[in-house]
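The values are calculated or read from the model by the stated rules, or taken from the named source; none is laboratory data. Since the model is a prediction, treat every value here as computed from it, not as a measurement. With ideal geometry, Cβ positions are generated from the backbone for all residues, glycine too; neighbour counts draw on all protein chains shown.
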Amino acid sequence: MLSLTVPEMTCGHCRSTVEKAINQLDEAAIVTVDLKTHTVGIESEKSNASAIIAALKAAGYESEPSEI
């Protein structure tokens, strides 16, 4: 599982945008968002960390790998 910190993710709209950006790369990805800790857990067989970070950046969110 990939875990990312997304500092600017603070609300339900942010959650939706982040989930949508990841699911555009891999419709079957399992995305777990925690708004309190600003983290996203991703289980994907099609997308790697670099692709997901780039997709989030394109959606307006900076992110970086974090500890699980």
From (1) exposed (fewer than 15 other Cβ atoms within 10 Å of the Cβ); (2) modelled with pLDDT of 95 or more; (3) part of a loop (DSSP other than H, G, I, E, B), pick out the condition that doesn't hold for SER16.
(3)
Cross-chain or 6+ apart pairs with Cβ under 6 Å, region 1-26 first and touching a residue at least 24 places away in the same chain (Cβ under 8 Å) and more than 12 Å from SER44 (Cα to Cα), then among the aromatic types (Phe, Trp, Tyr) and assigned to a loop (DSSP other than H, G, I, E, B)
VAL6/TYR61; GLU8/TYR61
How many residues does region 26-41 hold that are surrounded by 15 or more Cβ atoms within 10 Å (Cβ to Cβ) and farther than 19 Å from THR10 by Cβ?
2
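Here are GLU45, GLU67: which of them is surrounded by fewer than 15 Cβ atoms within 10 Å (Cβ to Cβ), touching a residue at least 60 places away in the same chain (Cβ under 8 Å) and part of a loop (DSSP other than H, G, I, E, B)? Give the derivation first.
Working: GLU45 fails: touching a residue at least 60 places away in the same chain (Cβ under 8 Å).
Exactly one of GLU45, GLU67 is surrounded by fewer than 15 Cβ atoms within 10 Å (Cβ to Cβ), touching a residue at least 60 places away in the same chain (Cβ under 8 Å) and part of a loop (DSSP other than H, G, I, E, B), namely GLU67.
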Can you tell me which of (1) buried (at least 16 other Cβ atoms within 10 Å of the Cβ); (2) on the phi > 0 side of the Ramachandran plot is the one GLY60 doesn't meet?
(1)
Out of (1) in contact with a Lys or Arg (Cβ under 7 Å, 6 or more places away or on another chain); (2) in a helix (DSSP H, G or I), the one SER50 does not meet is (1)
